[in-house]
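To start, the structure itself, in structure tokens.
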Amino acid sequence: MSGLGLYIHIPFCLQKCPYCDFFSAAYSDRAAYAYADAVIRNAEHYKERYDTVYFGGGTPSAAWRDVCRIVGKLKLADGAEITVEANPNTITRESLSWMKNSGINRLSVGVQSLSNAELRALGRSHTSEDASNSIKLALECGFKNISVDLMLGIPGQTPDSVRRSIKILTGLNITHVSAYMLKIEPNTPFARTANPPDENLTAQIYLAAASALEEHGFMQYEISNFAKKDRECRHNLKYWKSEEYLGIGAAAHSFYDGERFFVIGDVREFTKANIQQVIITEKRSADTAAGSFEEYAMLKLRLVEGLTFAECGGFGVGKDALLKRCRLVPPDYLRITDRGVAITQEGFLVSNQIINKLITEPAEQFLPT
């Protein structure tokens, strides 16, 4: 049985990227220090020991001193995986040394691309050289588990350009790549100005990236994630396998004690002295409630391993009925074995539609026949 995961949202950024829709706030030393105090106060409220900790943002590496201070106060299980998201322009030898010495053992570096033209199109403040140098510096400082974010579908990107980025990145002794499709979110500057590749070209870019990563020994284990052997992100696997985790910080989400809830996205409210974070329990229908088959399948089908018939049986979902639903999906998009059902690489391009077909029938339709 896995232990509890802990997600800590550090919202502070030196500048906000024009495509970003995540909750964030402007960085200041004073605000980051007060926020870290509130994180520590909230963490001490719980008695569990954490076997994975993930600092997301925002740009946690911009507040690295406070991140190190928080880690020193956490109750950790032996061998805990502790990840910090970092941007190349906030990585220094000093910050890396402090983070390594505090017990942080995994970095997730927001590279996005190693094409300077693509980085400019994204409004990123670092260059290709900055990104490569930050990874090299992390290796010099003793980090052996380094993930990078790679954006797919950037304006001006092509299959060849993404292959070039991957060739350079995989030569830097990294262990993990998260290759995400760029999503144009409403109410962001990108929504008004971006001209991303069309759907067909974006699909070609995704398949080219997946193929190139696997050629370099990074095997796909989730729609957007590829890893060297035994270097999958243990924390994120908790999400996709419906295991419990606690979220602390403004806009953090949790699945804890059988319920899903979230914290309001307000730094000032979160940092108020002597109070616990204000949480709001998510209201869902019976079909999509925490612990339901629909929720479990929706998350598990993101993984290359997919669903097993044994797992489905635990929810009262019959093999025969599920296979009937599979007939609604083009055969190239599913991998069906004696063990279960999984979505193929080509199917991942339209995964939302496929998952919808497999899980949205009324529950009684899935009972064994």
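The values are calculated or read from the model by the stated rules, or taken from the named source; none is laboratory data. Note that the coordinates shown come from a computational prediction; the quantities given were computed from them, not determined experimentally. Neighbour counts are summed over all protein chains in view; Cβ atoms, including those assigned to glycine, are modelled from backbone coordinates with ideal geometry.
Residue-level analysis places ASN145 outside the set of residues that are among the polar types (S, T, N, Q), in contact (Cβ under 8 Å) with a residue 12 or more places away in the chain and farther than 19 Å from PHE226 by Cβ.
Residues in segment 73-106 that are basic (Lys, Arg), out of contact with any strand residue (DSSP E or B) (no Cβ under 8 Å at 6 or more places or on another chain) and not in a helix (DSSP H, G or I): LYS73 alone. Residues of segment 334-352 that are part of a helix (DSSP H, G or I) and either outside the structural domain of THR308 (by TED's automatic domain parsing) or surrounded by fewer than 19 Cβ atoms within 10 Å (Cβ to Cβ) (or both): GLN345, GLU346, SER351, ASN352.
Are any of the residues in segment 62-79 assigned by TED's automatic domain parsing to the domain that holds ARG30, farther than 20 Å from ALA43 by Cβ and not aromatic (Phe, Trp, Tyr)? Checked against the condition, which is being assigned by TED's automatic domain parsing to the domain that holds ARG30, farther than 20 Å from ALA43 by Cβ and not aromatic (Phe, Trp, Tyr), segment 62-79 yields at least one hit. Among the conditions (1) crowded, with 24+ Cβ neighbours inside 10 Å; (2) at pLDDT below 95; (3) touching a Phe, Trp or Tyr at 6+ places or on another chain (Cβ under 9 Å), LEU107 misses just one, which is (2).
For ALA138, the conditions (1) in a helix (DSSP H, G or I); (2) out of contact with any Pro (no Cβ under 9 Å at 6 or more places or on another chain); (3) within 22 Å of LEU207 (Cα to Cα) are fulfilled apart from (3). Taking every residue in segment 175-203 that is within 12 Å of LEU152 (Cα to Cα) and pairing it with any residue that is of a type in the set (S, T, N, Q), at least 6 positions away or on another chain, the pairs with Cβ-Cβ distances below 6 Å are SER178/SER224; SER178/ASN225; ALA179/SER224; TYR180/SER224. Looking only at residues in segment 18-46 that are touching a Pro at 6+ places or on another chain (Cβ under 8 Å), surrounded by 17 or more Cβ atoms within 10 Å (Cβ to Cβ) and not hydroxyl-bearing (Ser, Thr, Tyr), the one that is modelled with the lowest pLDDT is PHE23. Only one entry in GLY57, GLY72 is at negative phi, crowded, with 18+ Cβ neighbours inside 10 Å and not basic (Lys, Arg), namely GLY57.
Per-residue answers, yes or no, for (1) in a loop (DSSP other than H, G, I, E, B); (2) within 15 Å of ARG268 (Cβ to Cβ); (3) assigned by TED's automatic domain parsing to the domain that holds ALA86; (4) hydrophobic (A, V, I, L, M, F, W, C):
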site: ILE8; (1), (2), (3), (4): no, no, yes, yes
site: PRO18; (1), (2), (3), (4): yes, no, yes, no
site: ARG30; (1), (2), (3), (4): no, yes, yes, no
site: ALA34; (1), (2), (3), (4): no, yes, yes, yes
site: ALA38; (1), (2), (3), (4): no, yes, yes, yes
site: TYR46; (1), (2), (3), (4): yes, no, yes, no
